[in-house]
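A short write-up of the structure that comes next.
None of the figures in this text is laboratory data; all of them are computed from the coordinates on show. Source: prediction; values computed, not measured. Positions of Cβ are backbone-derived with ideal geometry, glycine not excepted, and every protein chain shown enters the neighbour counts.
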Amino acid sequence: MRGGHAMEADLGDPTGATALGLCLYDVSASSQPLITRKVLPGGTCGTKPCWKAVPGGYRYRNKVGSGDGVTDVKLRVSAAGEIALLIKGKGASLDVPSLDFLPPVRLQLLASDSGGVTCWESTFAHAIKSEPTLFKANGS
């Protein structure tokens with residue numbers, strides 16, 4: 001996901017109390033949202049913290065996958081305030097539909113903690129690559 005504007009502080013603190021949510025929609029007749037994921041804050045994955053602060057944002061790593069099958073999250077805010085999100089997953093609990101989505105595709109990122117919920121949205125009008133196992137696009 002690229003798009004939306006924020007400051008790093010807007011992301012909250014996934015190493016502590018901020019949970020991240022993701023919802024993906026397209027214009028197909030399929031039941032919507034097509035994908036939902038939640039990555040809980042804090043926690044230990046193996047012997048290391050699941051989340052760590054990195055320049056401009058946060059990184060999540062869980063080799064066995066979260067309850068939703070998420071194994072890797074990179075969430076950053078550029079100096080210009082652009083949000084960049086990369087999320088990967090694997091395993092039986094991932095439960096991903098075919099990724100040949102029908103554009104425009106809409107992705108929502110939610111950061112929630114005791115202070116409330118912040119939501120960003122990016123729309124992908126055209127896919128760079130759209131196949132049953134890979135969807136890649138730049139958002140606006």
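Miscellaneous remarks
- In the chain, a dipole from Cβ-located charges (positive for Lys and Arg, negative for Asp and Glu) runs towards its positive end, and of L24, A9, A92 it is A92 whose Cα lies farthest in that direction.
- Per-residue Cβ neighbour rank within 10 angstrom, fewest leading, C50, C45: C45, C50
- Those residues of the range 99-140 whose amide nitrogen sits under 16 Å from the label point placed on A17, 7 Å along Cα→Cβ: 111-118
- Candidate values (1) 39, 36, 25; (2) 47, 32, 25; (3) 43, 35, 25 were compared with Cα extents along the principal axes in Å computed on the shown model; the agreeing label is (1).
- Take the Cβ atoms of L110 and T47, set R0 to 30 Å, and the FRET efficiency comes out at 0.55.
- Likely footprinting exposure, Y60, Y25, fewest C-beta neighbours within 10 Å first: Y25, Y60
- Only Lys, Arg, Asp and Glu carry charge here, each on its Cβ (+1 for the first two, -1 for the last two); on that basis the chain has a dipole of about 520 debye about its Cα centre.
- For the pair S93 and T36, label points projected 7 Å from Cα toward Cβ lie 1.7 nm apart.
- Pairwise Lys count, the chain - Cα closer than 16 Å, eight or more residues apart or different chains: 13
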